[in-house]
Structure formats: C-alpha cells, structure tokens
Amino acid sequence: MESSIPVLDVSAISLIHVDPGKSHYDKVGAQLKDAFQTWGFAYLKGHGISSKIVLDCMQTARTFFDLPMEHKETFSRGVERIHGYSAIGREVLENKDIVEFKESFDVHSLDKRQLLGQKEFDGPIQALSHQTVILAQRLLQCLAKDLGIQPKDMLQSHSNMFGQGNATSLRLLHYPPIDLKNSKHQSITRCGEHSDYGGLTLLFQDNHSGLEVRRLDGQWIPVPPIPGTIVVNIGEILQLWSGGRYRATPHRVRGGLDSESTSRYSIATFIHPNNDTIIGPFGSDGMSETNGASKTALDHVEQRFKDTYTP
C-alpha cells in the first residue's frame, strides 16, 4: 500500500551529529515547511533514533497491555491527570456514540516512581523519550526561522519537556482485534477522526496499517508503516503559531483487513511547549501575537482533555 505523504531525509540533523549547524537546520526546515503547509504530515528517514530502542519499547507495550485488567487499572490516569492508563472506551475523539477500541498508557513524567515500577518496562520508555526529545528539539529549530522566532527562544519555550509545567507525553497504544460479529457495540472504530492538541507528534508504527489522514478535498489517504521511518505531524498549537499556514490535519485509525484477528501497536510522543507559553502567531519581534488574548498552552490542552476523556 503506497501513500502520497512525503518521505523526508533528515539525516543532516540526525542524532548521530553532535551539532548539525545552521545550514543543515535551514535545509531540513525548508522540507518540513513544504510538507506541513501541504499535508501537515511527513515520514522522516535518517533521523538517528535507535531502532533497538524502538523495538524494545514496542515490546514493553505488548507486555504491559497483556497484563490483567485489574493490574492495568491501578495505573488509571482519570480525567484530571495526563499520566497513566486509559481503558477501551475512555477516550472519545470523534463521536460519543462510537466506541474507540483502543487502550493506552500515557507517560508524562519520567520519574521512576510514576512509571511502571519495573526495570524492563521503565528503561525502554525512558530511553525512547530522551531520544525523541532531542529529535523534537532539532525539528523545532528547523521550523523557527519560518515561524519568525529565534531558535534559542523556540528551545526555551520547550525547555521542560517531560517535566513540571509542560504537557509533553509519550503514549503507548494498543488496538486489540475487533470482533465485529460478537461485539455488543453497534458502532466501533479503532481511533476516531481528530487533530492533535500540541505542537508536533512523533509516531512509531508497528507493521500493521490503519492510520489515515484527510486531505483538503475530504479524501482519506493511508499512512502505512515504512520500516525505519517516523511519522511526524503538526498539532493545533503549531497551526496557531504559524497563523494557519501549517495544517493540524485530521486523522484516524481504521481497522484494516486483519483487524479482526490482529492487534496493532504504536508509540506516539506528543510535543508541547511549556504551559505558560502564549499561543498565537509570532510577530516580527518573535513575540506571539494574540490580539489582546492571553490563551496559554495549558489553557488549550486542559480544555481539549476535558472534551476528550469520559469520567
């Protein structure tokens, strides 16, 4: 299955480089700008994130979601928290009458006391989180010039990722097999149509398809797994920062041909600016233009979580 989503070579800013340098940031930034204005999505190759760490984290997801429900529920995130386990049906992204057949574990803090409490779980999660933060910082520096902000200021606005005062999180996702014939639910999907809340999302997929993005003409385009790549997409905050030039494209996860017999796993890192960051397009002075409004990143994400999670 092929996709129209562009595949970008970002090896110039790969994690293998200690400091890529301004010219490389500008080069990759031009590619990202075109992709985000047209699609809001892209595949990244040559990123430098360890494939072993990704595989280890995928195995962590499989092991955790195989645990008994009563054990997983001890990690329940509830409505007010952005860290912990969400059972099937807890998240409603599209329509409350449609059951979203997925479960997830959100990692907001890398403090060992708040993770899963076992070395074989926590190690891969911490390792992948650290590498995705470095890549995200480099991608944000690539975009800074086009957004009219100094790279150092862009980094400062994201200085607390996975820490206090920032909503960045890594999410382990499991889409169980869907038994449509015997399901008690009349309407069921894997993940409803939605756009992401934050700035950037970095997604690692297993080898099962299902992700789709909606073009401006309303047509749904598949985003199948491509080995060795990461899918990156724009969230609502970066759409606002860009004055609407970058697209927080609606997307969904549908059940593929094998969805009745096979689980699908993915790992997403949702990159957010610090909670006190003002949301609005950047002006010529590098400050966010809000036309008198003072909506912060925290205001935005809190409202979106309230809209999404059921008690």
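Condition first: under 16 Å from Leu139 (Cα atoms) and of a type in the set (Gly, Ala, Ser). Now tell me which residues in region 197-239 satisfy that.
Selection gives Gly198, Gly199, Gly235.
Grab the strands (runs of 3 or more DSSP E) fully contained in region 208-281, keeping just those with 3 or more residues being crowded, with 16+ Cβ neighbours inside 10 Å, of a type in the set (Ser, Thr, Tyr) and modelled with pLDDT of 90 or more.
Strands (runs of 3 or more DSSP E) meeting the threshold: 264-271.
Any residue in region 63-83 that is at pLDDT below 85 sitting within a Cβ distance under 7 Å of a residue that is among the polar types (S, T, N, Q)? List the pairs, counting only those 6 or more apart or interchain.
From residues that are at pLDDT below 85, the pairs are Arg77/Ser86; Ile82/Ser169; His83/Ser109; His83/Gln114.
With respect to Thr201, determine if the residue is hydroxyl-bearing (Ser, Thr, Tyr) and under 16 Å from the mean Cα position of the chain (by Cα).
Yes, satisfied.
Of all residues in region 133-181 being under 15 Å from the mean Cα position of the chain (by Cα) and in a strand (DSSP E or B), which is nearest to Ile49 (Cα to Cα)?
Among those that are under 15 Å from the mean Cα position of the chain (by Cα) and in a strand (DSSP E or B), it is Leu170.
If you check Arg190, Arg90, Arg138, which single one turns out to be crowded, with 18+ Cβ neighbours inside 10 Å, basic (Lys, Arg) and at pLDDT 95 or above?
Every option except Arg138 fails the conditions.
Could you check Phe162 against (1) more than 30 Å from Ser23 (Cβ to Cβ); (2) in contact with a His (Cβ under 9 Å, 6 or more places away or on another chain) and say which number it fails?
All conditions are met except number (1).
The values are calculated or read from the model by the stated rules, or taken from the named source; none is laboratory data. Predicted model only: the values in this text are computed from it and were never measured. In this analysis, Cβ positions are derived from the backbone assuming ideal geometry, glycine residues included, and neighbour counts consider all displayed protein chains.
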